[in-house]
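Below is one structure, written out as structure tokens, with a few remarks after it.
The values are calculated or read from the model by the stated rules, or taken from the named source; none is laboratory data. All values derive from a computational prediction rather than experimental measurement. Quick reminder, even Gly has a Cβ in these numbers, built from the backbone with ideal geometry, and neighbours come from all protein chains shown. Accessible surface is based on the protein model in full, side chains and every heavy atom, while ligands, DNA and RNA are left aside. Shrake-Rupley method; radii C 1.70, N 1.55, O 1.52, S 1.80 Å.
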Amino acid sequence: MTMLEARGLGIGFGGVRALDDVSFAVREGEIRGIIGPNGAGKTTLLNVICGLVRPDAGEVLLAGEPITGLKPNVIAGRGLGRTFQTSQLFRGMTVLENLMTGLHGETRAGLFAAAFGGRAMLAEEERAREKAWKALEFVGMERFWDRPAQALSFGQQRVVEIARTLISEPKVVLLDEPAVGLSLNRLAELDRLLRRIRDERGVTLVMIEHVIRLVMGVCDRVTVLQGGVVIAEGTPDAVIEDARVIEAYLGRRVDARRRAS
Amino acid sequence: MSRLLGRRTLLALGVAALAAVPTFANPYVVFVGNQLMLYVILAVGLNILVGYAGQLAFANAAMFGIGAYGTGLLQVHFGVPYYAAAPAGALLAMLIGLAMAWPALRLSGLYLALATLAFAQFTLWVFLHWESVTFGAGGFKVPPPSFAPLPLPSNLGIYYLSLLAMAALVAIAWNVVRSRIGRAFVAIRDGEVAAQALGIDLFRYKAIAFGMSGLYAGIAGALHSALLNYVSPEGFDLFQMVLHKAMIVVGGLGSLAGSVVGATTLTLILEALREFKSTQEIAFGALLLVFVIFMPDGIVAALKQRLQGWEEPLRRVRGRPGAAAGAEARP
Ligand SMILES: Nc1ncnc2c1ncn2[C@@H]1O[C@H](COP(=O)(O)OP(=O)(O)OP(=O)(O)O)[C@@H](O)[C@H]1O
Ligand SMILES: [Mg+2]
């Protein structure tokens, strides 16, 4: 089954065509890589999919349902999670509170219930806390539950951010460069975590990544963007040999090879 | 030992002390105590909007004024009794607060500050110049509310009504900030984009924050009109706005305990400086500078470093969750 589909997406900023006729389809349970040089439009593509930017052409379907033009919070409620290129944990919260905030769409307490705190509301808070704890255990970060978010290292923040999107049991999670700034050991951990998210949680992943090693390791298929256009798509091995991709990455290829070996 | 100096203990002692004040103190002290309670309500409401939800709004004094004018004018023009006029005035402030969430969806930071400041100046202009309704610069008298059949003179009735309102409003705020609503506020403050990506509706939660702070200011205004039996524009000017802001900054942004501590500290300082008359505002400004320089994150942040019990989690269920907690408790 196709879980996420883009059909002819286009968006321009002033004179720049950041995306032009971008189409692709991601199967349920797939890990899709999106690669391309800086400024290729990768982040813009995720922004369009999750509703932060409205496309001027094309549409997006999530599990077969059109979601184009809906507000980002509504799209999130339909089962689309997202992490960002720079960590977006809420600084004024602890790790556990950040995760509980990820459950916003699932919890129901309104202003009156919150203000006068009935039993149902307390039970809901209790469930949210347990669920947050389980999500922390899943990513192996439960030791840090009570730390202020800003006290974590860069890599730890990334992992907590991933846990925060997983907690609401989304169908699809979009990841924007999750490996940026990670050491080699950490990279191997992230590799394992991404597979477990797919295998144990059944989440479909779409991941922008510059670290070719990670892309080659975990992605089932890779879509290559350049100048807002899809220039290649296929298995990681096929894509890396594609002449147009080599050209787009000219000068980067040697580097990619070395990291992949 | 330090537990005894915790937030809850001090707050309970504060309420008990305030309840006892009228039994021994003179009317002047009762009046200052009453003013203090209104400032606590104002500071708590403003901190929800500015400190928690991160909306840099400058219309709190205007909302305070709308509550007071609404309550007073309903009594004077239409003969509505206080117990009906006061909730109406407070609700009016809440509705106007709610309406402000709409521009807040498009404007942020300094632009929002400017827009709300302009609104506040417009409100003041209406108080001053719509003389046929508001009686202009001179203001107007409102009849003291009667508390019959309770054996309370008007001023003590308002005093205990204020105490009740303050206790209830602080408790409500305390519950709200520790719920998913409080977490949504902080999420919007710390990152609007990430908040949306987690399913948080920006408009809804900005509206709740503006509405709550409008309601709090409106209730304070309704009580204020009865405390003074008099309503005039100068009580709701820019100095008043700066005073509310200063209370939450000195106490601690994003901290309800900070709102209470800040309101108390500044009310007492203002009273102490009253003897200086013309130099009161200058001395006050200088003191504010001292606070901001030596405790940039507010009094509560400084307390938190030294004493237990001043943490303010954003959730009701405390302690460590999970099965591991039970295992840990075993010997
Ligand atoms: N909001 C915006 N306004 C104007 N131009 C934009 C906006 N967002 C993106 N762009 C432009 O669109 C193009 C694609 O940017 P995008 O951030 O999507 O690239 P990217 O592939 O994610 O690059 P990187 O690898 O550096 O993260 C760039 O030319 C960028 O300047
Ligand atoms: Mg990018």
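Can you find a residue in region B:85-98 that is open to solvent by 20 Å² or more (accessible area, probe 1.4 Å) and free of Cβ contacts under 8 Å to residues at least 12 places away in the same chain?
No, that holds for no residue.
Among the residues in region A:175-194, are any within 12 Å of chain B (Cβ to nearest Cβ), open to solvent by 10 Å² or more (accessible area, probe 1.4 Å), among the small types (Gly, Ala, Ser) and touching a residue at least 24 places away in the same chain (Cβ under 8 Å)? Scanning region A:175-194 turns up no residue that is within 12 Å of chain B (Cβ to nearest Cβ), open to solvent by 10 Å² or more (accessible area, probe 1.4 Å), among the small types (Gly, Ala, Ser) and touching a residue at least 24 places away in the same chain (Cβ under 8 Å). Only one entry of A:45, A:9 meets the criterion of being touching a Pro at 6+ places or on another chain (Cβ under 9 Å) and at pLDDT 95 or above, and that entry is A:9. Taken over region B:206-231, residues that are open to solvent by 10 Å² or more (accessible area, probe 1.4 Å) and of a type in the set (Ser, Thr, Tyr) amount to 1. One residue stands out among those in region A:40-74 that are within 16 Å of ligand 2 (Cβ to nearest atom) and without any contact (Cβ under 8 Å) to a residue 24 or more places away in the chain: the one that is least open to solvent (accessible area, probe 1.4 Å), which is A:47.
Residue count for region A:104-115 satisfying the condition of being within 7 Å of another protein chain (Cβ to nearest Cβ) and either free of Cβ contacts under 8 Å to residues at least 60 places away in the same chain or crowded, with 22+ Cβ neighbours inside 10 Å (or both): 6. Does residue A:123 satisfy being closer than 18 Å to residue B:314 by Cα, more than 7 Å from chain B (Cβ to nearest Cβ) and within 23 Å of the chain's Cα centre (by Cα)? So residue A:123 fails the test. Residues in region A:116-149 that are open to solvent by 70 Å² or more (accessible area, probe 1.4 Å) and of a type in the set (A, V, I, L, M, F, W, C): A:116, A:120.
When you check residue B:20 against the structure, is it out of contact with any His (no Cβ under 8 Å at 6 or more places or on another chain), of a type in the set (A, V, I, L, M, F, W, C) and open to solvent by less than 50 Å² (accessible area, probe 1.4 Å), yes or no? Yes, satisfied. Here residue B:197 qualifies as hydrophobic (A, V, I, L, M, F, W, C) and facing another protein chain (nearest Cβ under 8 Å). Taking region B:258-268 as the range and being hydrophobic (A, V, I, L, M, F, W, C) and open to solvent by less than 10 Å² (accessible area, probe 1.4 Å) as the test, the residues that pass are B:263, B:266.
Looking across region B:104-120, not a single residue is β-branched (Val, Ile, Thr) and farther than 19 Å from residue B:62 by Cα. Here residue A:214 fits the description: within 16 Å of ligand 1 (Cβ to nearest atom), touching a residue at least 12 places away in the same chain (Cβ under 8 Å) and assigned to a helix (DSSP H, G or I).
Please find, within region B:157-173, the residue that is farthest from the other protein chains (Cβ to nearest Cβ) out of those that are open to solvent by 40 Å² or more (accessible area, probe 1.4 Å) and touching a Pro at 6+ places or on another chain (Cβ under 9 Å).
B:160
Put simply, of B:306, B:315, B:320 the only residue that is within 26 Å of residue B:173 (Cα to Cα) and open to solvent by less than 30 Å² (accessible area, probe 1.4 Å) is B:315. Here is the figure for region B:174-191: residues that are free of Cβ contacts under 8 Å to residues at least 12 places away in the same chain and either buried (at least 24 other Cβ atoms within 10 Å of the Cβ) or of a type in the set (Asp, Glu) (or both) total 1.
Residues are listed down the side, and each one gets a yes or a no for (1) in a helix (DSSP H, G or I); (2) modelled with pLDDT of 85 or more; (3) over 22 Å from residue B:189 (Cβ atoms); (4) in contact with a helix residue (DSSP H, G or I) (Cβ under 8 Å, 6 or more places away or on another chain):
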{"residue": "B:245", "(1), (2), (3), (4)": "yes, yes, no, yes"}
{"residue": "B:253", "(1), (2), (3), (4)": "no, yes, no, yes"}
{"residue": "B:260", "(1), (2), (3), (4)": "yes, yes, no, yes"}
{"residue": "B:264", "(1), (2), (3), (4)": "yes, yes, yes, yes"}
{"residue": "B:267", "(1), (2), (3), (4)": "yes, yes, yes, yes"}
{"residue": "B:271", "(1), (2), (3), (4)": "yes, yes, yes, yes"}
{"residue": "B:317", "(1), (2), (3), (4)": "no, no, yes, yes"}
{"residue": "B:324", "(1), (2), (3), (4)": "yes, no, yes, yes"}
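The residues in region A:61-93 that are within 16 Å of ligand 1 (Cβ to nearest atom) and not in a loop (DSSP other than H, G, I, E, B) can be counted, and the count is 2. The set of residues in region B:131-142 being open to solvent by 10 Å² or more (accessible area, probe 1.4 Å) and either in a helix (DSSP H, G or I) or modelled with pLDDT under 90 (or both) consists of B:131, B:132, B:133, B:135, B:137, B:138, B:139.
With respect to the conditions (1) within 16 Å of ligand 1 (Cβ to nearest atom); (2) among the hydrophobic types (A, V, I, L, M, F, W, C); (3) within 14 Å of chain B (Cβ to nearest Cβ); (4) assigned to a helix (DSSP H, G or I), residue A:138 falls short on a single one, namely (1).
Tell me, which residue of region A:195-211 that is within 16 Å of ligand 1 (Cβ to nearest atom) and open to solvent by less than 30 Å² (accessible area, probe 1.4 Å) is farthest from the other protein chains (Cβ to nearest Cβ)? Among those that are within 16 Å of ligand 1 (Cβ to nearest atom) and open to solvent by less than 30 Å² (accessible area, probe 1.4 Å), it is A:211. Residues in region A:40-60 that are within 16 Å of ligand 1 (Cβ to nearest atom) and over 18 Å from the mean Cα position of the chain (by Cα): A:54, A:55, A:56, A:57, A:58. Being surrounded by 16 or more Cβ atoms within 10 Å (Cβ to Cβ) and within 23 Å of residue A:189 (Cβ to Cβ) is a description that does not apply to residue A:101. Scanning region A:12-39 for residues being in contact with a Ser or Thr (Cβ under 9 Å, 6 or more places away or on another chain), within 16 Å of ligand 2 (Cβ to nearest atom) and either open to solvent by 10 Å² or more (accessible area, probe 1.4 Å) or on the phi > 0 side of the Ramachandran plot (or both) gives a total of 3.
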